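The values are calculated or read from the model by the stated rules, or taken from the named source; none is laboratory data. Bear in mind that the values here come from a model prediction, so they are computed numbers and not experimental data. Cβ coordinates were reconstructed from backbone atoms using ideal geometry, including for glycine residues, and neighbour counts include every protein chain displayed. Quick note on the areas: whole protein, heavy atoms, side chains included, nothing else; ligands and nucleic acids left out. Shrake-Rupley method; radii C 1.70, N 1.55, O 1.52, S 1.80 Å.
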Amino acid sequence: RAARGRRPAEPNSLCCCWHQPPNMRVSCYALAALLAVMSGLEQAAGLEPLDVAFDGPPGWRMVDRFAGFRYEVMGNVIGVGFRQATSEKATQLGCFGWAQNTERGTVVGEVRCAKSVAPAMKEWLAAGPPKSRVDEVTVKDYENTKIKLHFSHFKILPDERQTCFRDPPHQCAEFAEGGGGGGSAPSHDEF
């Protein structure tokens with residue numbers, strides 16, 4: 001057992017339990033145990049596990065309530081406060097995600113938010129803050145709404161971190177060239 005107020009050495013699959021008051025952690029762990037048992041029963045009965053993104057009654061599924069997307073913004077967007085303003089707008093709308101400057105002179109990132117505010121966030125990205133000039137925005141909506149880098153708030157990633165994806169927007173060079181990425185290990189975080 002971990003010392004009071006410290007996380008155990010083993011990461012917990014329900015890390016949200018550590019954010020709960022001590023008297024609520026038992027309920028959180030009990031729920032985790034119940035879900036594990038139910039998942040085992042589904043598998044034993046030959047049933048597919050529940051996909052919370054797509055399964056359930058309309059209106060309650062994650063795809064009905066949330067939106068997740070990746071974006072890349074081209075134009076005069078570096079050195080004009082674009083990432084900070086994006087973070088502030090995302091926070092205002094109740095979104096989380098991340099933004100990062102790229103070596104290409106663009107801003108790239110991901111957003112996850114309520115489906116009702118996603119259009120407002122996309123419109124804001126297309127306009128940008130007053131000191132910027134947005135020439136083009138490329139957006140990829142995620143079908144299951146889950147973004148690849150998940151934070152509890154909107155985070156500005158450091159410029160030194162090299163992040164790219166297997167498909168546009170902000171595709172890794174080796175995938176854009178049709179190389180498929182096989183061979184040596186990439187020098188960046190690819191998703």
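Evaluating 6.51 cos²θ - 1.76 cosθ + 1.60 at θ = phi - 60° for every residue in the stretch 114-125, the Karplus couplings come out as 4, 4, 5, 9, 4, x, 5, 5, 5, 4, 5, 4 Hz, glycine and proline recorded as x.
Among the lysines of the stretch 96-154, pairs at least eight places apart or on separate chains and with Cα atoms under 23 Å apart come to 8. Peptides 76-83, 106-113, ordered by how many other C-beta atoms sit within 10 Å of their residues on average, highest first, read 106-113, 76-83.
What the stretch 96-154 shows is 51 Å² of accessible area per residue, with the surface traced by a 1.4 Å probe over protein heavy atoms.
What order do TRP98, TRP124 take when sorted by accessible area (1.4 Å probe), most exposed first?
The ranking, largest first, comes out as TRP124, TRP98.
The heavy atoms of ARG104 offer some 130 square angstrom of accessible surface to a 1.4 angstrom probe.
State the three equivalent ellipsoid semi-axes of the stretch 96-153, derived from the C-alpha gyration tensor as the square roots of 5 times its eigenvalues, in descending order and whole Å. All intermediate terms of the calculation are to be shown ahead of the outcome.
Details: eigenvalues 78, 42, 23 Å².
Semi-axis lengths for the stretch 96-153 are 20, 14, 11 Å.
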